[in-house]
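Heads up: the structure comes next, in C-alpha cells.
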Amino acid sequence: MQSPLPTFPEQASNFAGNVDALFSFILMTTLFFAVLVTLLIIFAAFKFRRRSEKEVGDDVHGNNVLEVGWTLIPTIIAIGIFAWGAAIYVNYRIAPTDTLDIYVVGKQWMWKLQQPNGRKEINELHIPVGRNVKLILGSEDVIHDFYVPAFRVKMDVVPGRYNTMWFRPVKTGKYHFFCSQYCGTNHAVMGGWVTVMEPAEYAAWLSGESGDVNPVSAGERLFTQFACVTCHLSNGTGRAPSLNGVFGANVLLADGSTVVADEAYIRESILQPNAKIVAGYQPVMPTFQGLVTEEQIGNLTAYIKSLQSQPVPAKGAGIAPSPAGKK
Amino acid sequence: MRTEATGPAPEMPEKHYLNATYGIRSWLLTTDHKRIALLYLASVTFFFFIGGFFAMMIRLHLLTPNGYLLTPDLYNRMFTMHGVTMVFFFLIPSIPAILGNFLIPLMVGAKDLAFPKINLLSWYIYVVGGLFTLWSMVNGGLDTGWTFYTPFSTLYSNSAVAPAVVGVFITGFSSILTGLNFLVTVHTMRAPGMTWFRLPLFVWAHYATSIVMILGTPVIAITLGLAAMERVFGLGFFNPAMGGDPILFQHLFWFYSHPAVYIMILPAMGVISELIPTFARKRLFGYHFVAAASLAIAVIGFVVWTHHMFLTGQSTYAAVAFSFLTFIVAIPSAIKTFNWTATLFGGSISFDTPMLYAFGFLGLFMIGGLTGLFLGALGVDINIHDTYFVVAHFHYIMVGGAVMGYLGGLHFWWPKITGRMYPEWLARIAAFILFIGFNFTFFPQFILGIMGMPRRYHTYPPEFQIYNVMSTAGASILAIGYLLPMVYLTWAAFYGKVAGDNPWPATGLEWKTQSPPLTENFEVTPVVTWEAYDFHNRPDLGLDVPAGKGSPGVVAPAHGDD
Amino acid sequence: MSEHEHTEHIVSPGMYLAIITTLLILTGLTVGAAFVNLGRFNIAVALLIATVKATLVVLIFMHAKYAPERTKLVIIAGIFWLALLLFMTLSDYASRVDYRGVRYPMTQIISHTLGNRG
Amino acid sequence: MHRTGALYGQFKTLEQQKDTATLGMWIFLVTEVMFFGGIMLAYTINRHTYFHAFAMGSNTLSLGLGGFNTVVLLASSFTMAMAVWSAQTSKKGLITLFLSLTIFLGFVFFGVKYVEYAQKFHHHLVPGKTFDIFYCVRNPAKCSDIDAADMAKEKEEIEAAVQADPDLNAHAQLYYSAYFGMTGLHALHMVIGAGLLFWLLKESVAGRFNAEWNNPVDIVGLYWHFVDIVWIYLFPLLYLIDRHK
Ligand code: HEA
Ligand code: HEA
Ligand code: CUA
Ligand SMILES: [Cu+2]
C-alpha cells in the first residue's frame, strides 16, 4: 500500500467522486461544530474555573434568541446535507437504461456472477471501463451484501427478491469486493475481485479465448455460452436428455438400436445432431457445425465426460429440486 | 442541614436503608427501590464484564489479519454475544434501572416508586432473561449478530438462537415494567411543590426514556417472539421460501432498536444535565429547551428507524423520507449540546471526577453524534454502511457517551448511595485512562470504515492491519480503565471517607436527606419551594451568594400541579 | 401528585345493557356485510364496524369517557403510535416501484438468474 | 412498604393509590396495543400480497364457531362491567355472581377455541413440515368431519385459488401463521385474565370489595375489556375475508 497510514481507497467509479465530496463536506461542517464547541468548553473551563470553595456561578436562566439561533442554524445545515445525500442516492437507486446487466447470486459463502452472454464466474467480476453496469442481485439462502469500496457502492442481496445496483467504472484495475452483510461462518471470506478492463480486452475475455486452461471448466462455460444448458437440463426435465452419466453408457436410439456414447458420438451429436436421435426425443437440436472450433468441441467433450459421475435423473423426473433449504 | 466544609466531620447516620434489615432474604425480597437499584448494580456489572471479556477476545483476535486466536464460528459468536450482552443486559438497564431506580423517588420526593413489587418483579424478570441468555452462551453460543437478521437466525444458524431470543424477549418485559413504574411515579407521586418544571432534568430524561421503553419494547418482544416461533414451529412471516419477507423483520426490529439507542443515551444525557449545573454551580442554561429536547428525541426517534435499512432494497421514497427525519432527530441533541456548553459560561467550575466524565461525555458524544450525520446522509451511507465506520460511530456514543455518563453518575451519587466518598485522585486518573484508551480503541475504526473494512469480519486484507493493531492496543488500556473504578468504588463503599448529606453541594431533593437515605427516603415529606439548579435561593447550601445577585425568592404554591 | 379529586362516575346497568345490545347488533352487521360483495371496501367496512365496537367498549365498559384527561392522552398516544408503526412501514411497501409488492419464491429467483443448473 | 388496611405505604391517600393503579393499567394496555401491533403489521402486509391464499384460508374457518365465540366474549365483557358496577355499589353477592359468569364465559371461549384448533391440527393446517392445504381434498376419508357439500365447495375454492396463486401451499401457511399467531396470543392473554379473575373471585368471596375499595376489580376489568377489543378486530380480520361468493 502507498502510505503507512492509508485512508480513502481509490476512486474507481462515477459515484466515488460524489460520495467523497459529500463526505468531505460533512467532515468540514461537523469538524467546524466539534472544534467550536470543544474550544468553547476549554475556554470556559479555564476562564470560569472555581476560585474559592464557596463561590457560585451567575444566575442565568437562558436566552431565547440564542436557543432559536442554535436550533435554526444546525437545522439548515442538516437539511442541506440531507438533500445532497438524497440526490446521490436517488441517482444510485434509479439505474440508467443502457446498462450492461450482470446477474449476481450470493450463497453461503461464494458469489456466482453471470455475464449477459451467459459466461459465468465465481468470486470474480470482469467489466469494461466506461460502461454503465447494472448488477441484478439474488440470494440462494440468507442476506448478503455486494460491496466494492473502490466504487463506493453496496447493496444487500436479499432472498426472495431482486435488488439492483449500478455504477460506471472509470478506471481500469483490480478492486476488492466484499460481502458486507453478516451471513454466517465464512462471511469474512465471501469476497473477491472486480477486474475493470479496456472494452476491447473485455470483449476478448468475454468470447473466452483467453484465460481458462482447464478443459472441463472451459467446457462448462461453453455449455452455457452456446445455450446447450437451455435444453439439456441436468435434472432431465428439459427438451433434451440430461447429459449426466451419458458418457460411456449405452444410448437407446429412436430406431431401436443402441450406441455407446463415446467421444465420436458426442462429436457427431454436436455437429450432426440428426444423425442419431435418442429414443423419446424430438430431432430439434440445431447443428453447431461451423460455430464451434475443434478446441471447443474438445472442451465440451471433456465437460460431458466430467458429468459421468453426476447422478442420473429418472427420465422426465419431477420438478427442479429446490436449491433452498438448510445446507 | 450540614455542609461539610464548615461543620464537624460528618458521621454515618445511625439508621439507613442499608442497615434497616439484614440477611439474604431481606435483599432478595426487598421492595425498597434503593435496594433493588443495588441488585441491578450487581447484575448489570456482572454482564458488563462478560460483555467486556467478549470485546477483548474480539480485539485480540483482530490483531493480525488472519487471527489465530479463534475459529471463524467462535469469532462470530464473540461479537454477537458481545453485542447482545452489552446492549440488552448492560446498557439498556444500566442508568435507568440503577441510578433511575435509586434516584427518581428521591428526586420527586416520594417514599418509593408507584409499584414497588412490580419493581422487584422487573429485576427478577431481568435475571431470568439473563440466565436464559447465559445458558445459550454456554450451550452452543449465538452467532446471529445482535440484530438477529432473518432468515439467517431462523433457518440457517446452527447456534442456540431460541434460548437467546427467549432471554432477550423476557428481559424486554423488565424494561417495560421499569418504564411503566417511572411514568406513573412521575405523574402521581411528586411531593408538594414539585411542579413539572421544577423536576430535575434527570427525571425529565427518564420520563422520555420511559415513553420509549413503553412504546418500543413490546414491538421487539413480538418480533423476537415471531422469530422464535419461526425457528421452532415453522411460522413463516420472515421466511422467503414461504413467501415471507426478511425485510419485514428488519422493519420490526429497528422500530424498537433505533428508539432503543435513545433508551441508552437519554438517561446519560439526564446525568450530564445534573453534573454540569452542580459542578458549575449554575442553573442549567435553557432548562425548558433541554426538557423539551428530551421529549422530542423520544418522539421523533420513533420515525427514523429505516436508516439502518437504506441498502436492503426498501423503497427509494421511503429511504429519502427517513433520511430527512434522521437529520431532524439530530437537532434536539444539538440543542442539548449547546445548552450544556452555555451553562459553563459564567459558572464556577470545579474539576471533580464526575465533571471530568461530563467533559468526556460532551466531546465523545459529539463525535459519535456527528458521525451519525455521515451515516444518515444517504449518499455516504451507500459507502460506509456496515463498515467499521458504523462500529466506531456507535461505540463513540454508547461507550464514549452513555458509559461515560453512567460512570460520571455513579461517582456523583456514590456518596449518596453508600454514604462514603470514593478516592478522588485515583478516580481522576482512571477517568483520564479511560478517555485516552477509548479514543485509541475507536478512532482508528473510523478510518478502517472509510477504507472499506466491513464489520463482523474475522479475517481481513493486510492493508487494514495497522489500524487494527492500534485499536487492540487501545482496548487493553480501556480494560484497565474499567477495572480501576470497579475496584476502588467497591473499596470506598466500605472504607471510604464518610461523605455527609450533601458533599458537593448540589441542589436536588435527593441531597436533602441523609446519606445513605432512610428506607422511607425522607423523615417528613419535603415541600419544594425552589426551581431546579437554583443555587442562589438556597441558603441551606451554605454558599456565598453575592449580594443582589440572587433572583427574588420563589414562593411555591401549596401543592403541585399535575 | 394528583389534585384532581374526581369523584367516581358509576355507569348504570341500563347503559351497559344498551351497549352490549349494540355490540351484538354490530357483530351481526359485520357478518352480514362480509357476504355482500363490496370489492375492496369489504375490509374498510369490517374495520370501521370493529372500530365503532372498540370505541364503545373503551368509552363505556372501560369508563374512558369519565376518566381524567390524562387517561385519554394515554389512549390517544397508544393509537397514534400504533398508526406510526403501521403506516410508516406500509409506506415503504406501498412505494416500492421496482418490484412493487411482489416477492418471489427462492426457486424462481435461482432459475431466473442462473437457469435451472444454478 | 408497609400497608395500612387497603392503603400501601408509598401513597398518602386511597384516592392517590387508585389514580396511580388505574394510570398504570392504562399504560400497560398501551404496551399491549404495540405488542399486537407487530403481528397486525405482518398480517396486513401478507394479506395484501397473498390475498388469494388468505381468502382461501379464511374460508376454511367455521363462521359458526367464530361468531359464537365473538358473542361469548362480548357477553363476558358485559358481565365483567356488571361486576365492576356491583363492586362500586357494594353489592357483594352480585360481584361474586358476575365474576363467576365472566369466568364461565371465558371457559366457553376456550372450549370452542380448542375444538377449532383440534380440527386444524387434524386437517394438517398447522404451519410446519406437515402442513398441506390439499390434505382434506386428497384424503376426504380422513376428514370425515367435513360434510360432502362443504368438501366439494372447499375443493372448488382451493382449485380456484391455485389457479390464481400457484404457490398456494406456501402462502396459505402464512395465513395460518397469522391465524395461530394472533389467536394464540389472544388466548394466552385470556389465560392470564382468567387467572386474575380467579384471584378476584377468591377476594370477593372473602368480601373484600365494596364502594370504597374496588380497585382490583376495576383494573382487571380494564384488562379483560382490552382482550375483548383485540378479538373484536381479530374476528373480521381472520374469519371474514372474502366470504361472499
Ligand atoms: C446510544 C446509541 C446511539 C445514538 C444516541 C445514536 C444516534 C444517532 N445515530 Fe446511530 N447507531 C447506533 C447507536 C446510536 N446512534 C448503533 C448501535 C448503530 C448500529 C446498529 C447495528 O447495525 O448494529 C447505529 C447506526 C446508525 C445508522 C445506520 C448505519 C448503517 O448501518 O449504515 C445511522 C444512519 O443514519 C445512525 C445515525 C444516527 C444519528 C443521526 C444519531 C443522532 O441522534 C445523533 C445526534 C447528535 C449530534 C448530531 C451531535 C451533537 C450536535 C452538535 C454538536 C451540533 C451540530 C449538529 C448539526 C450540524 C446537526 N446510526
Ligand atoms: C453498550 C454497548 C457496548 C459496549 C460498552 C462495547 C464495548 C466495547 N466494544 Fe463493542 N459492540 C457493541 C456494543 C458495545 N461495545 C455492539 C452492539 C456491537 C455490534 C455487535 C454485532 O455486530 O452484532 C459491538 C461490536 C464490537 C466490535 C466489532 C466486531 C465486528 O464487527 O467484527 C468491536 C471490535 O473492536 C468491539 C469492541 C469493543 C471494545 C474494545 C469495547 C470496550 O469498551 C470494552 C471494554 C471493557 C472491558 C475490556 C471489560 C472490563 C475489563 C476486564 C473484564 C478485564 C479483563 C479482561 C481482559 C483484559 C481480557 N465491539
Ligand atoms: Cu455473505 Cu456475508
Ligand atoms: Cu438508528
(request) May I ask you to sort A:His176, B:His33, D:His189 by Cβ crowding, counting other Cβ atoms within 10 Å and putting the fewest first? (result) A:His176, D:His189, B:His33
(message) How long are the semi-axes of the equivalent ellipsoid of the protein assembly as shown, defined as square roots of 5 times the Cα gyration tensor eigenvalues? Whole Å, largest first.
(response) 58, 43, 24
(request) For region C:1-67, just say rounded, prolate or oblate: build the C-alpha gyration tensor, square-root its eigenvalues into a ≥ b ≥ c, call rounded for a/c under 1.5, and beyond that prolate if a/b exceeds b/c, oblate if not. (result) oblate
(request) For chain A, find the longest principal axis of its Cα atoms and tell me its angle to the long axis of helix A:64-93, 0 to 90°, nearest 10. (result) 10
(request) Please work out the Kirkwood hydrodynamic radius for region A:1-135, using every pair of different C-alpha atoms, and report it in angstroms with one decimal place. (result) 20.8
(request) Quote the FRET efficiency, to the nearest 0.05, computed for B:Val128 versus D:Asn210 with a Förster distance R0 of 22 Å and r equal to the Cβ-Cβ distance. (result) 0.05
(message) At a 4.7 angstrom Cβ threshold, list every cysteine in the protein assembly as shown that has nobody to pair with, or say none.
(response) A:Cys179, A:Cys183, A:Cys228, A:Cys231
(request) First measure r as the distance between the Cβ atoms of C:Ala18 and D:Leu196, then evaluate 1/(1 + (r/R0)^6) with R0 = 22 Å and state the FRET efficiency to the nearest 0.05. (result) 0.25
(message) Can you tell me the mean projection area, over all orientations, of the convex hull of chain B's alpha carbons? Units nm², please.
(response) 25.2
(request) Report the residue, chosen from A:Ile102, A:Ile81, A:Ile122, that carries the largest GNM mean-square fluctuation when chain A is represented by alpha-carbon nodes joined by springs under 10 Å. (result) A:Ile81
(message) Just want the ordering: A:Leu222, B:Leu29, from fewest to most Cβ atoms lying within 10 Å of their own Cβ.
(response) B:Leu29, A:Leu222
(request) Place +1 on the Cβ of every Lys and Arg and -1 on the Cβ of every Asp and Glu in the protein assembly as shown, take the dipole about the Cα centre, and give the residue among A:Gly191, B:Ala291, A:Gly85 whose Cα lies farthest towards its positive end. (result) B:Ala291
(request) Could you work out how far the C-alpha centroid of region B:278-352 sits from that of region A:236-266, in angstrom? (result) 73
(request) Quick one: grab the alpha carbon gyration tensor of region B:154-305, order the square roots of its eigenvalues as a ≥ b ≥ c, and give me rounded if a/c is under 1.5, else prolate or oblate depending on whether a/b is larger than b/c. (result) prolate
(message) Using a Gaussian network model on chain A with a 10 Å cutoff between Cα atoms, which of A:Phe48, A:Phe178, A:Phe15 fluctuates the most?
(response) A:Phe48
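Over 22 Å between Cα atoms: which of B:Lys34/B:Lys336; B:Lys416/B:Lys512; B:Lys34/D:Lys18; B:Lys111/D:Lys18; B:Lys117/B:Lys497 fall into that group? Before the final figure, lay out each step's value.
Numbers: B:Lys34/B:Lys336 29 Å; B:Lys416/B:Lys512 10 Å; B:Lys34/D:Lys18 24 Å; B:Lys111/D:Lys18 17 Å; B:Lys117/B:Lys497 34 Å.
Long pairs (Cα-Cα over 22 Å): B:Lys34/B:Lys336; B:Lys34/D:Lys18; B:Lys117/B:Lys497.
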(message) Could you order the peptides B:464-473, A:256-265, D:165-174 from most to least packed, using the average number of other C-beta atoms within 10 Å per residue?
(response) D:165-174, B:464-473, A:256-265
(message) Could you give each residue of region B:102-118 its phi-based ³J(HN,Hα) in whole Hz, using Karplus coefficients 6.51, -1.76, 1.60 with θ = phi - 60°, and x for Gly or Pro?
(response) 5, 9, 4, x, 5, 5, 8, x, 10, 7, 6, 5, 5, 10, x, 5, 5
(message) For the pair B:Asn158/A:Thr38, report the inter-label distance in nm, with labels modelled 7 Å from Cα in the Cβ direction.
(response) 4.7
(message) Looking only at region A:73-133, where both bridge partners belong to it, what percent of the DSSP beta bridges are antiparallel (to the nearest 5)?
(response) 90
(message) Can you tell me the mean projection area, over all orientations, of the convex hull of region B:70-158's alpha carbons? Units nm², please.
(response) 7.0
(message) Using the basic label-point model (7 angstrom from Cα toward the beta carbon), what is the D:Asp145 to C:Val36 distance in nanometres?
(response) 3.4
(message) Name the residue from A:Ser217, B:His385, B:Ser515 whose Cα lies farthest towards the positive end of the charge dipole of the protein assembly as shown, charges +1 on Cβ of Lys and Arg and -1 on Cβ of Asp and Glu.
(response) B:Ser515
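Restricting the count to DSSP beta bridges whose residues both fall in the protein assembly as shown, what percent are antiparallel, rounded to a multiple of 5?
On the way: 35 of 49 bridges.
The antiparallel fraction comes to roughly 70 percent.
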(message) Per residue of region B:265-277, what does 6.51 cos²θ - 1.76 cosθ + 1.60 with θ = phi - 60° give for ³J(HN,Hα)? Whole Hz please, x for Gly and Pro, Karplus curve as stated.
(response) 8, 4, x, 5, 4, x, 4, 4, 5, 8, 5, 4, x
(request) Average the reciprocal distances over every distinct pair of alpha-carbons in chain A, invert the result, and give the Kirkwood radius in Å. (result) 24.9
(request) Give a residue-ordered list of calculated ³J(HN,Hα) values for region A:270-279 (Karplus: 6.51 cos²θ - 1.76 cosθ + 1.60, θ = phi - 60°; whole Hz; x for Gly, Pro). (result) 7, 8, 10, x, 7, 5, 10, 9, 5, 4
(message) Run the numbers for A:Asn132 and A:Ile277: contour at 0.36 nm per residue of separation, minus the present Cα-Cα distance, in nm.
(response) 47.7 nm
(message) What does DSSP give for chain A in terms of the percent of beta bridges that are antiparallel, rounded to the nearest 5?
(response) 70
(message) Rounded, prolate or oblate for region A:215-309? Axes are the square roots of the Cα gyration tensor eigenvalues, ordered a ≥ b ≥ c, and the cut-off for rounded is a/c under 1.5.
(response) rounded
(request) Please determine, in degrees from 0 to 90 and to the nearest 10, the orientation of helix A:215-225 with respect to the longest principal axis defined by the Cα atoms of chain A, where the helix direction is its Cα long axis. (result) 80
(message) Give the aspartates and glutamates whose C-alpha is closer than 15 Å to that of D:Lys91, dropping any in the same chain fewer than 8 places away, or say none.
(response) D:Glu203, D:Glu212, D:Asp218
(request) Using only Cα atoms, tell me the angle between helix A:294-306 and the longest principal axis of chain A; keep it within 0 to 90° and round to the nearest 10. (result) 90
(request) Largest first and to the nearest Å, give the Cα extent of region D:97-171 along each principal axis. (result) 54, 26, 21
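Can you give the FRET efficiency for D:Phe51 and C:Thr55, using 1/(1 + (r/R0)^6), R0 = 30 Å, r = Cβ-Cβ distance, to the nearest 0.05?
Details: r = 28 Å, r/R0 = 0.93.
So, using R0 = 30 Å, E works out to roughly 0.60.
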(request) Could you check the simple spin-label distance between D:Lys120 and D:Ser90, using points 7 Å along Cα→Cβ, in nm with one decimal? (result) 4.8
(request) Going by C-beta contacts inside 10 Å, put A:Arg131, B:Arg35 in order with the fewest on the left. (result) A:Arg131, B:Arg35
(message) Quick check: net charge around D:Trp26, other residues with Cβ under 10 Å of its Cβ, Lys/Arg +1 and Asp/Glu -1?
(response) +2
(request) Treating each Cα of region D:1-152 as an identical point scatterer and ignoring solvent, apply the Debye formula and state log10 I(q)/I(0) at q = 0.14 Å⁻¹. (result) -0.96
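Computed from the coordinates by the stated procedures, all read-outs in this text should not be read as laboratory data. Predicted model only: the values in this text are computed from it and were never measured. Cβ coordinates were reconstructed from backbone atoms using ideal geometry, including for glycine residues, and neighbour counts include every protein chain displayed.
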